[in-house]
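The values are calculated or read from the model by the stated rules, or taken from the named source; none is laboratory data. Fair warning: this is a prediction, and the values are worked out from it, not measured in the lab. A quick note on method: Cβ atoms are made from the backbone with ideal geometry, for glycine too, and the neighbour counts reach across all protein chains shown. Note: areas computed on protein heavy atoms with side chains; ligands, DNA, RNA excluded. Shrake-Rupley method; radii C 1.70, N 1.55, O 1.52, S 1.80 Å.
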Amino acid sequence: MRPVHTLRLSEALLAAGRPHEVLLLPGTGHQAFGADLTEGLLDHQVRFLREHLGVIPTGVSRGAPPA
């Protein structure tokens, strides 16, 4: 996806009031490679889904601040 298309999609999502995040990864294609990069991307996706689906990680109480 070209950056301009990504920005248009983000603009449309904002206009529709839809929560989203844009994470640009210069120098990567559609598949990011490398253990550190892959782990970081998966952590980012899990955090986003937990936040927006209201999932509490195991071992964390609702009143506790996030780590």
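Observations
- Residue within segment 21-34 that is surrounded by 11 or more Cβ atoms within 10 Å (Cβ to Cβ), at pLDDT below 80 and not β-branched (Val, Ile, Thr) present: yes
- Residue pairs meeting the criteria (Cβ under 9 Å; at least 6 apart or on separate chains; first of a type in the set (Gly, Ala, Ser) and modelled with pLDDT of 85 or more, in segment 41-67; second surrounded by 10 or more Cβ atoms within 10 Å (Cβ to Cβ) and part of a loop (DSSP other than H, G, I, E, B)): none
- Subset of segment 11-20 [open to solvent by less than 80 Å² (accessible area, probe 1.4 Å) and either part of a loop (DSSP other than H, G, I, E, B) or aromatic (Phe, Trp, Tyr) (or both)]: 16, 17, 19, 20
- Pairs where the first residue, in segment 13-31, is within 18 Å of residue 45 (Cα to Cα) and the second is aliphatic (A, V, I, L, M), C-beta under 6 Å, 6+ apart: 20/13; 25/32
- Checklist (1) within 15 Å of the chain's Cα centre (by Cα); (2) without any contact (Cβ under 8 Å) to a residue 24 or more places away in the chain; (3) part of a helix (DSSP H, G or I) applied to residue 8, failing item: (1)
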